[in-house]
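Worksheet: one structure, shown below.
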Protein chains: 4
Amino acid sequence: MPDSPIMHEQIRKAVCRANMQLPAHNLVIYSWGNVSAIDREAGVVAIKPSGVEYDSLTPEKIVLLDLDGNIIDGDFNPSSDTPTHLELYRSFKNIGAVCHTHAPAATAWAQACREIPCFGTTHADFYYGPVPTTEPMMENAIKNDYELNTGKAIVQRFADLDPAEVPAVLVANHGPFTWGQDAAKAVESMVVLEQTAKMAIDTITINPQQGPINKALLDKHYLRKHGKNAYYGQK
Amino acid sequence: MPDSPIMHEQIRKAVCRANMQLPAHNLVIYSWGNVSAIDREAGVVAIKPSGVEYDSLTPEKIVLLDLDGNIIDGDFNPSSDTPTHLELYRSFKNIGAVCHTHAPAATAWAQACREIPCFGTTHADFYYGPVPTTEPMMENAIKNDYELNTGKAIVQRFADLDPAEVPAVLVANHGPFTWGQDAAKAVESMVVLEQTAKMAIDTITINPQQGPINKALLDKHYLRKHGKNAYYGQK
Amino acid sequence: MPDSPIMHEQIRKAVCRANMQLPAHNLVIYSWGNVSAIDREAGVVAIKPSGVEYDSLTPEKIVLLDLDGNIIDGDFNPSSDTPTHLELYRSFKNIGAVCHTHAPAATAWAQACREIPCFGTTHADFYYGPVPTTEPMMENAIKNDYELNTGKAIVQRFADLDPAEVPAVLVANHGPFTWGQDAAKAVESMVVLEQTAKMAIDTITINPQQGPINKALLDKHYLRKHGKNAYYGQK
Amino acid sequence: MPDSPIMHEQIRKAVCRANMQLPAHNLVIYSWGNVSAIDREAGVVAIKPSGVEYDSLTPEKIVLLDLDGNIIDGDFNPSSDTPTHLELYRSFKNIGAVCHTHAPAATAWAQACREIPCFGTTHADFYYGPVPTTEPMMENAIKNDYELNTGKAIVQRFADLDPAEVPAVLVANHGPFTWGQDAAKAVESMVVLEQTAKMAIDTITINPQQGPINKALLDKHYLRKHGKNAYYGQK
């Protein structure tokens with residue numbers, strides 16, 4: 001007997017697969033991370049259920065919501081970080097997916113309340129400048145609508161930044177969020193962020209005075225992979 | 001011919017399984033760690049035998065004792081750390097299991113005689129404040145009844161702390177002990193402690209002046225996962 | 001039906017195999033590295049295609065070029081780092097292969113703009129002195145013919161060094177390049193460099209004032225493995 | 001047809017197996033390490049052949065020598081470190097095996113020319129005091145009979161130390177040697193040394209002023225595992 005069809009199967013499958021990539025890339029232990037994606041035309045966000053471990057995830061367990069957080073379909077509670085994801089989708093109109101983890105090196109920078117300077121071309125290949133850190137949240141913003149206000153702190157930090165050019169942020173005292181066009185890209189940004197964060201710790205261990213690379217090198221590396229003059233990879 | 005029944009099979013199985021989780025989580029090498037659990041109604045403590053490697057453990061080899069350390073059943077010597085475990089069970093009336101390892105990052109904090117500050121929400125999700133470190137033990141307490149006195153040093157350190165709110169401690173110059181409702185939870189606390197300890201080392205490498213998160217954020221994260229107003233996970 | 005023959009099959013196979021060694025040795029994630037080799041008699045350079053992941057590489061996908069960068073055979077774009085490789089082949093007449101990665105510890109030294117001092121015999125067994133770092137590139141050299149100028153910066157740094165004695169370099173703000181007689185040897189130098197770089201970070205963490213080993217020890221270790229009086233290994 | 005018998009098969013098998021444990025414990029890459037053992041009654045030392053990789057080792061390839069370095073049996077050159085091993089066997093009359101690697105954390109301490117202080121009970125369980133580092137070797141001792149003089153530098157460092165109580169040493173600017181009653185024990189000491197070295201680096205990162213544990217704690221831990229009053233493990 002065939003399985004009965006499920007709503008929005010494709011985005012659920014993509015989100016399920018992307019969540020399962022988190023432990024495969026050593027970005028999470030237990031259920032410490034979540035990926036969501038949005039189908040903007042349908043107005044549907046698909047997100048990991050709260051507290052469920054990755055190896056028991058199936059597309060059916062992925063929760064569907066609208067942009068206001070109303071559940072459209074799903075038997076589980078959505079991730080407790082859902083209001084943060086939704087705020088990012090409402091404010092960053094061009095992103096298609098969001099990823100959140102407590103990946104250790106990126107989280108260490110978030111805990112240290114420091115942005116990750118662009119120390120080299122590995123960083124510049126993906127992020128067009130430092131990976132910013134939010135301002136620590138005020139007591140009131142923590143006590144009420146905490147997860148929503150986490151999203152607002154990120155959006156505020158990007159007032160003068162383009163989320164397409166820097167698809168990652170560190171929430172102070174907390175950890176990283178990344179995003180991208182689709183769920184796989186949001187996870188890729190998390191993998192790159194963690195590797196970049198690790199190398200940045202070693203860089204300042206070797207040379208505590210090290211400053212960021214110059215603008216010409218940042219431009220060169222970012223723009224050879226992004227934008228209309230990109231020449232990396234296959235056409 | 002069927003196996004003959006063993007006494008208290010269920011708790012022995014749980015303790016055996018939890019001990020075997022230690023190398024699976026990279027928390028131990030050789031036989032450097034042990035897990036025990038207590039059946040308070042039966043007055044029985046089940047603990048790993050001393051110096052036996054994890055992959056040769058079976059429920060039958062788990063040693064059963066009463067709370068005074070008298071052996072009830074078992075062909076092996078119990079872990080040499082048994083008097084520490086028993087002291088914790090006698091003093092912390094609500095814990096159901098104890099775990100001890102020399103997990104490297106947590107042990108480094110113990111060796112440095114420093115408590116682990118609550119640097120972020122990863123820590124706050126599990127521990128309601130810093131993970132405390134005991135006072136270094138006096139010469140006399142080391143020479144006589146050392147393992148018992150190790151337990152007493154932990155209990156003394158928790159004079160003003162609730163073991164249910166901070167299910168972990170660092171014994172100065174030695175290493176971590178964790179606990180929980182059951183053997184699996186005690187091991188989970190050890191896994192979380194080691195990850196937290198690693199991230200805390202990187203945090204102070206990045207920013208040696210970094211202080212702990214504020215009380216509002218600690219409350220928010222700890223209480224969204226624990227207590228009557230918790231809203232994380234599935235009901 | 002047999003496969004149709006491919007041009008220069010042997011060097012393509014060796015380059016394909018060497019590229020696939022990069023993830024096996026944990027030197028790269030995604031497609032962050034490339035190996036090439038040269039057949040000097042035939043005037044042919046074989047190099048990884050740009051942006052292709054390692055597990056989908058086949059000898060057929062390896063691109064063949066001449067020393068001026070003209071494509072001889074191949075359906076893919078060559079690595080975007082190709083002009084760097086070619087400059088090294090043109091200037092270092094005795095090398096047979098080049099490897100480039102963003103291996104994390106070596107990249108941290110490159111990002112810190114520091115050479116790796118010869119802190120011990122592990123280093124001296126392979127490199128006859130410190131592993132040098134290039135000068136940061138000028139704005140003009142970055143804007144025009146960047147990859148070619150990266151090669152020139154390396155060659156300039158070796159004005160007074162013998163590439164056969166130090167088969168590795170760190171490009172400032174970027175990452176390592178290594179070389180060797182053939183593709184396997186170029187990868188071996190990258191593996192050794194990464195291990196050496198990691199140990200050097202720990203060395204200065206333990207003792208920030210540590211200086212390099214003395215000349216006699218450097219000579220002893222380098223020369224017992226290299227040159228006419230070598231006595232390590234089997235004849 | 002049965003295999004023809006080989007000389008001293010048992011010790012060759014033990015040495016072969018112990019060498020193969022080195023990569024399994026992540027102590028070596030390539031062929032960067034060697035284990036030997038001695039049969040004192042027969043006057044035979046069995047040691048790894050030079051430059052041969054571990055996965056191609058067989059008992060037949062293990063080289064047999066006498067205590068003066070004369071080859072008794074074997075088709076390969078013995079490890080280039082053989083004179084160091086032999087000097088240790090001649091001077092430390094009670095050891096049965098020697099292990100040498102460039103394990104990264106222990107090598108970092110050797111390169112930093114620092115002994116590893118006894119920072120905790122993990123260390124004290126195996127080593128009765130700090131793991132000592134030799135004096136850097138003089139130019140003349142490097143130029144002539146280098147490997148023999150490496151052994152002499154170790155022996156000199158142990159003038160006031162008991163090799164049975166501290167079965168490990170760091171050769172300055174080089175790396176660790178360990179020993180034990182048999183080949184398996186010598187490797188175990190290397191595993192423990194590497195773990196101890198790693199935790200010691202993190203300990204001084206957390207607290208650069210941290211001193212060693214006190215004598216009572218050192219005695220307690222070392223003596224509960226060693227000597228006539230040991231009470232750890234099974235009888």
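The values are calculated or read from the model by the stated rules, or taken from the named source; none is laboratory data. Please read these numbers as outputs of a predicted model, since none were measured by experiment. No Cβ is skipped: glycine too gets one built from the backbone with ideal geometry, and neighbour counts run over all protein chains shown. What goes into the accessible areas is simple: the full protein's heavy atoms, side chains included, and nothing from ligands, DNA or RNA. Shrake-Rupley method; radii C 1.70, N 1.55, O 1.52, S 1.80 Å.
Observations
- Residues in region C:114-162 that, when all protein chains are in place, have 30 Å² or more less accessible area than the chain alone would give (probe 1.4 Å): C:Arg114, C:Phe119, C:Thr121, C:Thr122, C:Ile142, C:Tyr146, C:Glu147
- Of the solvent-accessible surface of region A:5-226, computed with a 1.4 Å probe and all protein chains present, 48% belongs to carbon and sulfur.
- Whether the protein assembly as shown is rounded, prolate or oblate, judged on the alpha carbon gyration tensor where a/c under 1.5 counts as rounded: oblate
- Taking chain D and dividing mean pair separation by its residue count, relative contact order in percent (alpha carbons under 8 Å, at least six apart): 21 percent
- Between region C:35-72 and region C:195-235, the alpha-carbon center distance in angstrom: 33 Å
- Buried solvent-accessible surface, both chains (B, A), 1.4 Å probe, Å² to nearest 100: 2800 Å²
- Charge tally around B:Ala24: other residues with Cβ under 11 Å, Lys/Arg +1 each, Asp/Glu -1 each, net 0.
- With a simple spin-label model that places each label point 7 Å from the Cα along the Cα-to-Cβ direction, the separation between A:Ile71 and C:Ala230 comes to 6.8 nm.
- In the full protein context, region A:5-226 carries 37 Å² of accessible surface per residue, based on a 1.4 Å probe and ignoring ligands, DNA and RNA.
- 18 Å Cα-Cα reach of D:Lys198 towards aspartates and glutamates, excluding residues that sit fewer than 8 places from it in its own chain: A:Asp202, B:Glu194, B:Asp202, C:Glu194, C:Asp202, D:Glu115, D:Asp125, D:Glu188
- Listed cross-link partners B:Lys185/B:Lys215; C:Lys215/D:Lys152; D:Lys61/D:Lys93 are compared with a 29 Å cut-off, the Cα-Cα value being larger for no pair.
- Assigned charges on the beta-carbon of Lys, Arg, Asp, Glu; the protein assembly as shown dipole about Cα centre (debye): 1020 debye
- Per residue, the convex hull volume that the Cα atoms of chain B enclose (Å³): 145 Å³
- At 7 Å out from Cα toward Cβ: A:Tyr231 inter-copy label distances (nm, ascending): 5.3, 5.3, 7.6
- Cα shape, region A:1-71, gyration tensor, a/c 1.5 rule: oblate
- Using a 7 Å Cα-to-Cβ projection, C:Asp66 label spacings across copies, nm, ascending: 6.6, 6.6, 9.4
- Label-to-label distances for A:Arg40 across copies, nearest first, come out at 5.6, 5.6, 7.9 nm, using points 7 Å from Cα in the beta-carbon direction.
- Neighbourhood charge, 12 Å Cβ-Cβ cut-off, centred on C:Asp68 and excluding it, Lys, Arg +1 and Asp, Glu -1: -1
- For the axis carrying chain C to chain D: nearest C-beta residue of C, whole Å: C:Thr205, 5
- Dipole in debye (nearest 20) - region C:109-168, about Cα centre, beta carbon charges: Lys, Arg +1; Asp, Glu -1: 160 debye
- Relative to its residue count, region A:101-169 spans a Cα convex hull of 96 Å³ per residue.
- Pairs of Cα atoms farther than 16 Å apart, region A:107-219, %: 60 percent
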